[in-house]
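Q: Quick one: structure below, then a few questions.
The values are calculated or read from the model by the stated rules, or taken from the named source; none is laboratory data. On a predicted model such as this, the values are computed, not experimentally measured, just so you know. No Cβ is skipped: glycine too gets one built from the backbone with ideal geometry, and neighbour counts run over all protein chains shown. These area figures cover heavy atoms from the full protein model, side chains too; ligands, DNA and RNA do not enter into them. Shrake-Rupley method; radii C 1.70, N 1.55, O 1.52, S 1.80 Å.
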Amino acid sequence: MIDVLIIGTIGYDTVETPFGKRDRVLGGSASYASVAASFFSKPGIVAIVGDDFEEQHKQLLVSRNISLHGLKQIAGKTFAWGGKYEYDMNEAKTAFTDLNTLLQFDAHVPEEYRNAKFVFLANTDPVLQLKVIEQLKEPEFIVMDTMNFWIQTKKDDLLKVIAKVDVLLLNDGEARMLFNTVNLLQAAQQALQLGPKYVIIKKGEHGALLFSEGKHFNAPGYPLEVIKDPTGCGDCFAGGFVGYIARHKKVDEGLLRKAIVYGSVVASFNAEDFSLDRISRLTSNEIEKRFSEMREIREF
Ligand code: AMP
């Protein structure tokens, strides 16, 4: 039995930041999100990889107790992405996106996952996100993420998915792009009118904003001393957020706020090293300690 179903990409990233460069390291929205969620509950992944996907990377996911029954492996190349960050590390400049085997993916949800109540549609083709929703029996809480690539190439499909979810996650740049406004409050209000009960706008190292009808919460970012590579921070934020909610099996404003802070904590650790290097050796104790520090930061 899984607690949270995650669909997204598993891929190989080539990343350059002011602090170094890595070629073809493990990445992808589902990789980051599932490892982040695994600190709080049991995730199951729906994703596709090619025959170049390495056993050591599969084992990394298995070692975090992530179910891989929905992971399909076919002949061909695994999804690959390249990106570069300047000193403002809040947004990557995409160098290339090679969809590869993602183009042949049918997003089949295994029978044993179809009862999942908590679902995270991580960043991937919105057509696949929609296919997953259609296969679920009685989902209670669906969270979705996306990025500029899909806003630019598949906006109509994306809007269909947004109408079916409980929480829409966007970073500030994507929110402005999707709703054609510089004002984040207006973007959030437009997003809420499309159907979601909650909209979360991530502001990189500056934290996240939670909007719902008539309510607003502002979570701080964690002031990091070491930051090497922010790739995957959005996915870690989301994975931690959904994983925490799935553990408590209920949804209310107080829990959502705590979940946002847990998500920010896991994301902050992720930025301390390249690929999944930091979160794959993270412990629950470290998460709790930083969560308490975040409480202190907010008190006034
Ligand atoms: P983020 O949390 O936004 O930094 O996500 C970074 C991850 O997203 C990287 O590991 C990439 O492999 C993955 N990624 C990049 N572009 C896409 C895309 N168009 N669709 C799905 N995943 C992507």
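Q: Taking the alpha-carbon set of segment 47-143, what are its Rg and Dmax in Å?
A: 15.4, 45
Q: If one puts a single equal scatterer on every Cα of segment 5-77 and applies the Debye formula without solvent, what log₁₀ I(q)/I(0) results at q = 0.11, 0.20, 0.27, 0.28 Å⁻¹?
A: The calculated log intensity ratios at q = 0.11, 0.20, 0.27, 0.28 Å⁻¹ are -0.27, -0.82, -1.27, -1.33.
Q: If we count every other residue with Cβ under 12 angstrom of D157's Cβ, Lys/Arg +1 and Asp/Glu -1, where does the sum land?
A: +3
Q: Quote the charge dipole size of segment 144-241 about the Cα centre in Debye, to the nearest 20; the model charges only the Cβ of Lys and Arg (+1) and of Asp and Glu (-1).
A: With only Lys, Arg, Asp and Glu charged at Cβ, the dipole is about 260 debye.
Q: Something else about it: Which percent of the accessible heavy-atom area of the chain goes to carbon and sulfur, probe 1.4 angstrom?
A: Reported share for carbon and sulfur atoms: 48 percent.
Q: Given a Förster distance of 35 Å, report the FRET efficiency between A95 and K289 from their Cβ-Cβ distance, rounded to the nearest 0.05.
A: 0.45
Q: Next question, about the same structure. How many percent of DSSP beta bridges within segment 20-124 run antiparallel, rounded to 5?
A: 50 percent
Q: Report, in whole Å, the centroid distance computed from the Cα atoms of segment 255-277 and segment 121-144.
A: Between the Cα centre of segment 255-277 and that of segment 121-144, the gap is 22 Å.
Q: Could you state how much accessible area S284 has, in square angstrom rounded to the nearest 10, with a 1.4 Å probe and all protein chains kept in place?
A: 60 Å²
Q: Also: Per residue, what accessible area does the chain have, given a 1.4 Å probe and all protein chains present, in Å²?
A: 43 Å²
Q: Which FRET efficiency value, to the nearest 0.05, do you get for H69 and K155 by plugging their Cβ-Cβ distance into 1/(1 + (r/R0)^6) with R0 = 25 Å?
A: Efficiency at R0 = 25 Å is approximately 0.20.
Q: Next question, about the same structure. Can you tell me which of 43-51, 255-263, 214-222 comes out highest on packing, and rank the rest after it, using the mean Cβ neighbours within 10 Å?
A: Answer by packing, highest mean first, reads 43-51, 255-263, 214-222.
Q: Assigning unit charges at the beta carbon (Lys, Arg +1; Asp, Glu -1) and nothing else, what dipole magnitude in debye, to the nearest 20, does segment 175-300 show about its Cα centre?
A: For segment 175-300, the charge dipole is close to 420 debye.
Q: Would you please name the trypsin sites (Lys or Arg not before Pro) within segment 102-201 that are DSSP coil residues with at most 11 other C-beta atoms within 10 Å of their C-beta?
A: K137
Q: I would also like to ask the following. Counting Lys and Arg as +1 and Asp and Glu as -1, what is the net charge of the other residues whose Cβ lies under 13 Å from the Cβ of L121?
A: Result for the neighbourhood of L121: -3.
Q: Hey, got the dipole for the chain? About the Cα centre, +1 on K and R Cβ, -1 on D and E Cβ, debye to the nearest 20?
A: So the dipole magnitude of the chain works out to roughly 540 debye.
Q: Within a Cβ distance under 12 Å of R257, other residues only, what is the Lys/Arg minus Asp/Glu net charge?
A: +2
Q: Right, another one. Share of antiparallel DSSP beta bridges in segment 1-45, in percent to the nearest 5?
A: Within segment 1-45, antiparallel bridges account for around 65 percent of the total.
Q: How many percent of DSSP beta bridges within the chain run antiparallel, rounded to 5?
A: Among the beta bridges of the chain, antiparallel pairing accounts for roughly 40 percent.
Q: When a/c reaches 1.5 or more, the comparison of a/b and b/c decides; with that in mind, is segment 209-252 rounded, prolate or oblate per its Cα gyration tensor?
A: oblate
Q: Given only helices, namely DSSP H runs of n ≥ 4 each adding -39500 (n - 2.57), what is the per-residue ellipticity at 222 nm of the chain, to the nearest 500 deg cm²/dmol?
A: So the helix-based figure for the chain works out to -11000 deg cm²/dmol.
Q: Within the set K154/K197; K84/K258; K215/K249; K155/K203, which residue pairs have Cα atoms separated by over 26 Å?
A: K84/K258
Q: Can you quote the Å³ per residue value for the convex hull of the Cα atoms in the chain, rounded to an integer?
A: 121 Å³
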